Amino acid sequence: MDQVVTQKPHELLAETLSTKMAAVNTLIQTRMASEHAPRIPEVTAHLVNAGGKRLRPMLTLAAAKLCGYAGEDDVKLAATVEFIHTATLLHDDVVDESGQRRGRPTANLLWDNKSSVLVGDYLFSRSFQLMVETGSLQVLDILANASATIAEGEVLQMTAASDLKTDESIYLQVVRGKTAALFSAATQVGGVIAEASDTQVQALYDYGDALGIAFQIADDLLDYQGDAKTTGKNVGDDFRERKLTLPVIKAVAQATDEERAFWTRTIEKGRQEDGDLEQALALMAKYQTLEATRADALVWAAKAKDALNVLPETAIRTMLVDLADYVVARLH
């Protein structure tokens, strides 16, 4: 019994879904193979085997199980979701010129940008093959829309990231695109494949959407107050990369003319000097924007939990509720 108490929700979920997750992993390994281009499995394996939590495919399996699904198509959809996620990571690292992900060198650093982009394209193609195999037009519609929304979110972030006119509504649009779209699609297709009611499918979408937003807000907050060993990022990476995330957006909204000039120089113009990160943190402390950001993350986590109320009261539902709490528990 003690083991259950000390396990993290995603670990408990992984254990409960272990048989299905093993099938997902086998399918991923099979479908990322390429007879003619050995670099494809090399690059893909570097990311796929990097030790991520596989949260998104688990959400698909959990949603299907919660709605009583007993078939095999949930495995194909979970692999689809992981392929879309991996493809976007490959593309993101090129766009962001990243050198590290999850504490390891990125694919674009180990190989090159061309390989990362083309292998990402290959994985997108594989994901569409898998979703077509389920024979569900609704599933195809949901995941195709999610793929378009993710790309849209990334392009919006590229234009809005260093623009001080970016407000909380634009930030939310970016987060919905780059993170929440795949969370909500992952949970929604699980319900669709299980032939759940429209109300339940909508609830699963709402859960994924709110969970994804809470997850990203928490991630952005941890950039300024997290532990580098835990997060795999150095404190202030977003500031150094001139990314306007919620803690900074809240500080800019309340800034004096002098403070706004500081944000213009460091974020918009990218002219950063020694001591600027400390000054940025001091301004966030002045307006208590880290606390306000944490409060926003908690609101979205609560929305995620509320969305599950219309779904069957099972152990899986409890795990999904606990997962929403866990996403923001990192912020204490």
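Quick test for you: out of ASP112, ASP92, pick the one residue that is at pLDDT below 80 and over 23 Å from LEU55 (Cβ atoms).
None of the other options fit; the residue is ASP112.
Would you check if there is a residue in the range 172-195 being more than 22 Å from ARG54 (Cβ to Cβ), of a type in the set (Ser, Thr, Tyr) and modelled with pLDDT of 95 or more?
Taking every residue of the range 172-195 in turn, none turns out to be more than 22 Å from ARG54 (Cβ to Cβ), of a type in the set (Ser, Thr, Tyr) and modelled with pLDDT of 95 or more.
Just to confirm my filter: which helices (runs of 4 or more DSSP H) fall fully inside the range 237-332 and include at least 3 residues that are in contact (Cβ under 8 Å) with a residue 12 or more places away in the chain and under 26 Å from LEU17 (Cβ atoms)?
289-307, 315-329
Can you tell me how many residues in the range 62-76 are assigned to a helix (DSSP H, G or I) and in contact with a Leu (Cβ under 9 Å, 6 or more places away or on another chain)?
Total satisfying the criteria: 8.
Report yes if some residue within the range 150-163 is within 30 Å of ALA64 (Cβ to Cβ) and either surrounded by 19 or more Cβ atoms within 10 Å (Cβ to Cβ) or modelled with pLDDT of 95 or more (or both); otherwise report no.
yes
Which residues, taken from the range 186-207, are over 20 Å from LYS305 (Cβ atoms), assigned to a helix (DSSP H, G or I) and charged (D, E, K, R)?
The answer is ASP198, and nothing else.
The values are calculated or read from the model by the stated rules, or taken from the named source; none is laboratory data. Here the structure is a predicted model, which means the values were calculated and not measured. All Cβ positions, even for glycine, are placed from backbone atoms using ideal geometry, and neighbour counts span all protein chains on display.
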